[in-house]
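What follows is a single structure, written as structure tokens, with notes after it.
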Amino acid sequence: MSNITQNAVKQIHEALNETDFTTINFEICLTPEKYGSLVEVTFLDNKNYQFQLSNHYKEEYAYKLTYNPGEVAVTENVNVLTFSEAVHCLKAWATNIKRELLSSSYAFQEIEKLKKDFELKLKSKFGKTNPDFTSGEISKIKQSLSAVIKDFEELKKDNKIKTKQLSEIKRELNTLKNNLGLMPKKAWIRSASGKIWSIGTKILSSSVGQNALTKLTDKLIEPTSN
């Protein structure tokens, strides 16, 4: 049985989705075995990367945080007074993970470059237009996203990516589709570039998958051409 409220769980999910990752990159354990621990978050691609929120044994603090990687030390401990502070530290922890990945992996550096190029191209297309998508833009981008999903489904049929990878990729892309028209262009662009990073982390081991990711960015930009 979970020791934290559903509202607290919701805030944890929202915080992770506001980073360069999404909740699919993490395992969130609400019933940790360690005494006093309220929640443990583990980065799935490196399970040494963990964030633990616990009740504090000292009355002057509410919570104790232990996370790896820290900003400087491999493991850092922080005492906080409020849950809001804990959520802020959770987002900072996700930033630490990204820095570690970029420092240690050429593949992650390539994904980051692809993400930044993609975001710049989208901003270039949308920079002088209305702040919201037109119905025509929404229709074309949805068609492109549907086409990209089919591309990944074909990769699964050819055993180039795994079933779980396909399921997570489809979830990310369908989220982008559903958010079209609900978010201003700038917010959607930021979300889309974040999804590129998240999807990229799922297919690092597949060069074919990475090529499909490049095609994804191309297809999303094409509908915005005049």
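Considering only residues in the stretch 175-203 that are outside any helix (DSSP H, G or I) and of a type in the set (A, V, I, L, M), the one that is surrounded by the most Cβ atoms within 10 Å (Cβ to Cβ) turns out to be Ile203. In the set (1) closer than 25 Å to Ile196 by Cα; (2) outside any helix (DSSP H, G or I); (3) among the aliphatic types (A, V, I, L, M), Ala92 fails one condition alone, (2). Scanning the stretch 136-174 for residues that are in contact (Cβ under 8 Å) with a residue 12 or more places away in the chain, assigned to a helix (DSSP H, G or I) and farther than 27 Å from Glu18 by Cβ turns up Lys140, Gln143, Ala147, Asp151, Glu153, Leu155.
Condition check ((1) surrounded by 14 or more Cβ atoms within 10 Å (Cβ to Cβ); (2) among the hydroxyl-bearing types (Ser, Thr, Tyr); (3) modelled with pLDDT of 90 or more; (4) in contact with a Ser or Thr (Cβ under 9 Å, 6 or more places away or on another chain)) across all residues:
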{"site": "Leu90", "(1), (2), (3), (4)": "yes, no, yes, yes"}
{"site": "Asn96", "(1), (2), (3), (4)": "yes, no, yes, no"}
{"site": "Leu101", "(1), (2), (3), (4)": "yes, no, no, yes"}
{"site": "Phe108", "(1), (2), (3), (4)": "yes, no, no, yes"}
{"site": "Pro131", "(1), (2), (3), (4)": "no, no, no, no"}
{"site": "Thr134", "(1), (2), (3), (4)": "no, yes, no, no"}
{"site": "Leu145", "(1), (2), (3), (4)": "yes, no, no, no"}
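Determine whether Glu153 is surrounded by 12 or more Cβ atoms within 10 Å (Cβ to Cβ), over 15 Å from Ile196 (Cβ atoms) and charged (D, E, K, R). Spelling it out, Glu153 is indeed surrounded by 12 or more Cβ atoms within 10 Å (Cβ to Cβ), over 15 Å from Ile196 (Cβ atoms) and charged (D, E, K, R).
Going by the conditions given, is Thr66 in a strand (DSSP E or B), surrounded by fewer than 19 Cβ atoms within 10 Å (Cβ to Cβ) and free of Cβ contacts under 8 Å to residues at least 60 places away in the same chain? In short, yes. The selection criterion, being surrounded by fewer than 16 Cβ atoms within 10 Å (Cβ to Cβ) and farther than 25 Å from Leu81 by Cβ, holds for Asn48. Tell me yes or no: at least one residue of the stretch 161-171 is farther than 30 Å from Glu27 by Cα and of a type in the set (Val, Ile, Thr). Among the residues of the stretch 161-171, not one is farther than 30 Å from Glu27 by Cα and of a type in the set (Val, Ile, Thr), which makes the answer no. Suppose the filter is in contact (Cβ under 8 Å) with a residue 12 or more places away in the chain, crowded, with 19+ Cβ neighbours inside 10 Å and of a type in the set (A, V, I, L, M); does Val39 pass it? Yes, satisfied.
The values are calculated or read from the model by the stated rules, or taken from the named source; none is laboratory data. This one's a predicted model, so the numbers in the text were calculated from it and none came from an experiment. Please note: Cβ atoms are built from the backbone with ideal geometry, for glycine as well, and neighbour counts cover all protein chains shown.
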